[in-house]
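> So that we are looking at the same thing, I have put the structure below in structure tokens.
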Amino acid sequence: MERARIVLLAADGALDIDIAGQLGITNQKAARWRARFLELGLPGLQKDAPRPGRTPSIATATVKAVIEMTTQQQPANATHWSTRTMAAQVGISEASVRRIWKSHGLKPHLVETFKVSNDPEFAEKLEVIVGLYLNPPEHALVLCCDEKSQIQALDRTQPGLPLKRGRGTTMTHDYKRNGTATLFAALNAATGKVISLCQQRHRHQEWLRFLRLVDEATPAGKQLHIIADNYATHKHPKVQRWLARRPRFHMHFTPTSASWLNMVERFFRDLTEHRLRRGVFRDVEDLVTAIDTYVDQHNTQPKPFIWTAKATDILEKVKRARSALDNTQSV
């Protein structure tokens with residue numbers, strides 16, 4: 001409002017000193033906004049000009065040294081830098097190191113696992129699977145299938161303490177093993193609904209039993225595009241003969257070392273995080289009941305996992321990763 005009045009009074013021919021007297025501001029302020037309006041027009045009145053800020057207390061060369069040491073070197077007696085070791089090495093405070101790392105997105109205390117697939121048909125398999133996610137065929141279902149094997153029914157040696165103010169839930173560090181179960185699951189990529197079956201083992205016999213369940217649980221007139229990994233059980237001769245007699249089943253195998261392409265892995269992650277990791281199970285039956293209940297509740301309001309990455313974008317990332325690996329190995 002004040003800036004607009006300055007401009008309006010200037011348009012009427014008032015001098016800076018007169019405008020300052022009427023509005024109770026300094027002559028310099030009146031002159032500044034008059035000049036901003038003449039230079040930039042109305043946009044020049046909407047916000048202040050950028051300010052340089054205070055002079056950085058840490059030299060640019062020091063910031064550069066911290067970044068280079070963090071990304072390219074290791075301390076003498078550790079596998080990665082901490083704020084203390086870096087501060088002692090460079091001669092600045094821990095808080096300064098923390099600010100530099102945060103501003104440049106560096107997290108040396110974290111390690112992420114990865115493996116670049118060496119499958120010679122990686123691009124072809126990738127394009128097929130991503131194509132099924134982004135452009136699913138009509139009158140067909142896309143089912144992401146896999147097994148989560150060796151799920152342990154773990155019971156704690158003592159009861160835990162409940163959550164209260166100032167203290168989280170507690171669990172004993174030791175446990176009792178009460179057997180294992182294997183969960184077979186088929187995630188409908190379009191709806192997020194899951195077809196599941198818990199079994200004791202994960203041989204080709206159990207895989208066939210699960211495929212029969214999928215066959216019964218899906219509409220007979222629908223073509224089924226099954227996405228699975230390269231586990232030998234999925235390619236057993238008896239499985240192949242069974243599939244040959246059922247032409248509506250179309251198998252698509254993910255590239256080796258690329259299980260992340262199978263969206264059912266996301267469902268397995270949620271199951272582990274929400275139900276299994278903190279679960280206490282007296283026996284395998286108790287474990288299977290918990291899994292079945294989780295799946296049933298999930299299917300009451302299923303939500304699909306939305307795939308957004310294009311095959312071309314993934315291929316570019318893989319190429320960059322391979323190039324970085326080659327450069328690392330050549331050093």
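Derivation of every value follows stated rules applied to the coordinates shown; laboratory data play no part. This structure is a prediction, so every number in the text was calculated from the model and none was measured. For neighbour counting, all protein chains shown are included, and Cβ atoms are generated from backbone atoms with ideal geometry for every residue, glycine included.
> Can you work out ³J(HN,Hα) from phi for every residue in the stretch 304-316, in order, using Karplus 6.51 cos²θ - 1.76 cosθ + 1.60 and θ = phi - 60°, giving whole Hz and x for Gly and Pro?
Those phi angles translate into x, 8, 7, 8, 10, 6, 7, 4, 5, 5, 5, 4, 5 Hz.
> Evaluate Rg over Rh across the stretch 2-46, taking Cα atoms for both radii and Kirkwood's formula for Rh.
0.92
> Given DSSP loops and a limit of at most 15 other Cβ atoms within 10 Å, what is the longest stretch of the chain that contains no such GluC sites (Glu not before Pro)?
Result for the longest clean stretch: 139-331.
> Follow-up. Ranked by Cβ crowding within 10 angstrom, fewest neighbours first, how are Arg84, Arg36 ordered?
So the residues, fewest neighbours to most, are Arg84, Arg36.
> Using the Kirkwood radius built from alpha carbon pairs, what does the Stokes-Einstein equation give as D for the chain at 37 °C and 0.692 mPa s, in µm² per second?
So the translational diffusion coefficient is about 124 µm²/s.
> Could you give each residue of the stretch 188-205 its phi-based ³J(HN,Hα) in whole Hz, using Karplus coefficients 6.51, -1.76, 1.60 with θ = phi - 60°, and x for Gly or Pro?
Ordered by residue, 3J(HN,Hα) equals 6, 5, 7, 10, x, 6, 10, 9, 9, 7, 9, 9, 6, 10, 9, 8, 5, 5 Hz.
> Along the Cα→Cβ direction, 7 angstrom out, place labels at Leu15 and Leu110. What is the inter-label distance in nm?
6.2 nm
> Hey, got a sec? Which trypsin sites (Lys or Arg not before Pro) in the stretch 260-320 land in a DSSP loop and have at most 15 other Cβ atoms within 10 Å?
When the trypsin sites (Lys or Arg not before Pro) of the stretch 260-320 are filtered for loop state and at most 15 Cβ neighbours within 10 Å, Arg277, Arg278, Arg282, Lys310 remain.
> How big is the gap, in Å, between the Cα center of the stretch 40-115 and the Cα center of the stretch 250-283?
Cα centroid of the stretch 40-115 versus Cα centroid of the stretch 250-283: 37 Å apart.
> Given a Förster distance of 25 Å, report the FRET efficiency between Glu124 and Thr79 from their Cβ-Cβ distance, rounded to the nearest 0.05.
It comes out at approximately 0.05.
> Then there is this: To make sure I understand, if each residue's beta carbon is the centre and we count other beta carbons within 10 Å, what order do Trp207, Trp307 fall in, fewest to most?
Ordered by Cβ neighbours within 10 Å, fewest first: Trp307, Trp207.
> Rounded, prolate or oblate: which fits the stretch 200-331 when a ≥ b ≥ c are the square roots of the eigenvalues of the alpha-carbon gyration tensor, with rounded for a/c under 1.5 and prolate only if a/b beats b/c?
oblate
> Counting only residues 5 or more places away or on other chains, whose amide H sits under 5 Å from the amide H of Gly179 once H atoms are built in the peptide plane?
Ala153
> Would you grab the residues whose amide H sits under 5 Å from the one on Met251? Only those 5+ places off in sequence or on another chain, please, with H modelled 1.01 Å from N.
Ile226
> Using the Karplus curve 6.51 cos²θ - 1.76 cosθ + 1.60 with θ = phi - 60°, work out ³J(HN,Hα) for each residue of the stretch 211-217 in order, rounded to whole Hz, and write x for Gly and Pro.
For the stretch 211-217, the Karplus curve yields 4, 5, 4, 4, 4, 6, 8 Hz.
> Oh, and also: Could you work out the equivalent-ellipsoid semi-axes for the stretch 60-103, taking the square root of 5 times each eigenvalue of the Cα gyration tensor, largest first, in whole Å?
Gyration-tensor ellipsoid for the stretch 60-103: 15, 11, 9 Å.
> Going by how many other Cβ atoms sit within 10 Å of their own, how do Leu271, Leu183, Leu163, Leu45 line up, fewest first?
Exposure proxy ranking, most exposed first: Leu163, Leu45, Leu271, Leu183.
> Here's a follow-up. Given the options Ser93, Ser257, Ser117, state which has the largest fluctuation in a GNM of the chain using a 10 Å cut-off (strictly under) for Cα springs.
Checking each option, the largest mean-square fluctuation is seen for Ser93.
> Show log10 I(q)/I(0) for the stretch 49-180 at q = 0.15 Å⁻¹, two decimals, from a solvent-free Debye sum over equal Cα scatterers.
For the stretch 49-180, the Cα-only Debye profile gives -0.93.
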